[in-house]
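Throughout, read-outs are computed from the coordinates displayed, never taken from laboratory work. All of these numbers come straight from a predicted model, not from anything done at the bench. So basically every Cβ, Gly included, is an ideal-geometry build from the backbone, and we count neighbours across all protein chains shown.
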Amino acid sequence: MAIYHGEEPGGEARSHLHLRTGALKSARIIKEKECTPYLGFWEQDKSANPVVHAYFPSFYDWSNNKTIIQSNWNFFECWEQKYGSEFDLV
């Protein structure tokens with residue numbers, strides 16, 4: 001699987017990340033107080049820290065006194081409702 005920035009077209013010339021098929025076994029959304037959620041990916045043991053973190057678009061404008069970016073909150077909520085919060089990748 002290849003992951004690209006949302007606004008960028010795909011292609012090897014663009015910044016992106018490859019995840020090897022079968023190497024990662026599960027993923028779930030991690031929510032921490034006053035932080036933007038991220039997808040944590042595990043190879044095996046979910047009690048350990050995730051080996052890969054994929055962050056959603058920032059919920060906060062850090063250059064503007066941590067002002068909330070509502071459109072990014074809305075994007076995340078729609079994404080989570082559509083896809084869920086925990087995934088088996090096998």
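Quick look at the values:
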quantity	calculated
Pair list, Cβ under 8 Å, 6 or more apart: segment 36-53 residue free of Cβ contacts under 8 Å to residues at least 60 places away in the same chain, other residue among the basic types (Lys, Arg)	PRO37/LYS31; LEU39/ARG28; GLY40/ARG28; TRP42/LYS25; GLU43/LYS25; GLN44/LYS25; LYS46/ARG28
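So that you can scan it fast, the table gives a plain yes or no per residue for (1) within 16 Å of ILE3 (Cβ to Cβ); (2) among the aromatic types (Phe, Trp, Tyr):
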| site | (1), (2) |
| --- | --- |
| ARG20 | yes, no |
| LEU24 | yes, no |
| ILE29 | yes, no |
| CYS35 | no, no |
| LYS46 | no, no |
| TYR60 | no, yes |
| ASN65 | no, no |
| ILE68 | no, no |
| ASN74 | no, no |
